[in-house]
Each structure stands twice: as structure tokens, then as C-alpha cells.
Amino acid sequence: MNQRPRTRTKPRAELNKAFEAIVDEYQAPLLRYAGRIMNNSALAQDAVQCAFIKLSRSWRGDYIPSPPMSAWLYRVTHNCAVDMIRKTSRRQDLHDRNAVEQKIRDEKDELPREYHEDTSELVNKALDVLDIRERQLVILKVYEEKSYKEMSEIVGLGQGNVGYILHHAMKKLAQRIKELRESS
């Protein structure tokens, strides 16, 4: 990375103010991103907090919003989120999610047709069919509106690989949405 060493001659208050500006700039988009990956807002907050802690410990450049800092924060947030997902008992999480979805399905069966889930709810459900890498790229492209170049920097893949994975992920997503619509 092209980061200049941070000089320790800056007063601590000035560094704190610059860091707070970084948090203000990136916190909301990182929370959205992590929340969509993790499907859990509390864990998403933990992942973003983890990323900012790592920023304060590892970033050697100035605390100035920039494309390299943005890519670094998205990547670290992603890694923190994946680590948290791995640490969580997958079976327990799946069991809990299935129980909630069954309850929602049962409640929706009692509602008239016009109350059935809209497209965004279908998409959120359909995201579960994607693996973590595919989900990450779909979220970055669709929700975060990142370019292939930005996505490439965030995930550490070439732009061609990003396009290939994203293309197949979108096909899987479209098929799952179709299945969900047909089953409702």
C-alpha cells in the first residue's frame, strides 16, 4: 500500500479528531455492508468496530478518507465478519433462522395475498443460496454500487474474476428468486 508513515509529532487530540472523521465517513456504509453479509445488525456492529480498531492499530497513513482506505476498511470489515460467522455455531444459527422463517411463513399464510413479501424481501431470502464470496460481490455491486475495479481492490481478485463470479452469482440469485416466487 502507498501509505506514508504516520508521524507521532501530531498532537493526540488532532489524531483523535481525524480518526473520528474517518468513523463518521465510513461507519454507515460499512454497517450496511456487514449487516447484509451477516444478516445480523448486532454482529455487523461488532465487525465494523473490529475494523476500526484494526485501522487505529495498523493504518500507517494519514487519517484522510481515500479510495485505498475505503478498500482497506471494506476488506477488513469483510474479514472480521467472516471470522465472526465462522465462530458462530452454524448449526444453531441455521436452526434459529429456519424457526423464524417457518414462523413468518405460517403468519404470511394467514394474510391475504397483497401482504405477501415484496421483491426486496425475496432478494434478501435468495441471498442465502450464495456462498460468502458471491454474496459479498452481489452486495458490493447492487447495494453499495461499487465498480468492478473497487470490488477487485476490496476482495483481492482480478476484475475478470470478479465479473465471472458476479455473473454466476446473479444467475443463481435470479433462479432462487424465481423459485421463491413460484412457491408463494
* Asked: Any residue in segment 115-123 that is surrounded by 13 or more Cβ atoms within 10 Å (Cβ to Cβ), under 28 Å from Met151 (Cα atoms), touching a helix residue (DSSP H, G or I) at 6+ places or on another chain (Cβ under 7 Å) and modelled with pLDDT of 80 or more?
  -> no
* **Subset of segment 43-69 [modelled with pLDDT under 90 and over 19 Å from Glu14 (Cα atoms)]** => none
* Structure fact -> Of the residues in segment 3-42 that are of a type in the set (Ser, Thr, Tyr) and farther than 20 Å from Cys80 by Cα, the one that is modelled with the lowest pLDDT is Thr7
* Would you tally the residues in segment 144-158 being part of a helix (DSSP H, G or I) and either touching an Asp or Glu at 6+ places or on another chain (Cβ under 8 Å) or loosely packed, with under 14 Cβ neighbours inside 10 Å (or both)? => 1
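The values are calculated or read from the model by the stated rules, or taken from the named source; none is laboratory data. Treat the numbers as computed from the prediction; the structure is a model and nothing was measured. Every residue, glycine as well, gets a Cβ built from its backbone with ideal geometry; the counts of neighbours run over all protein chains shown.
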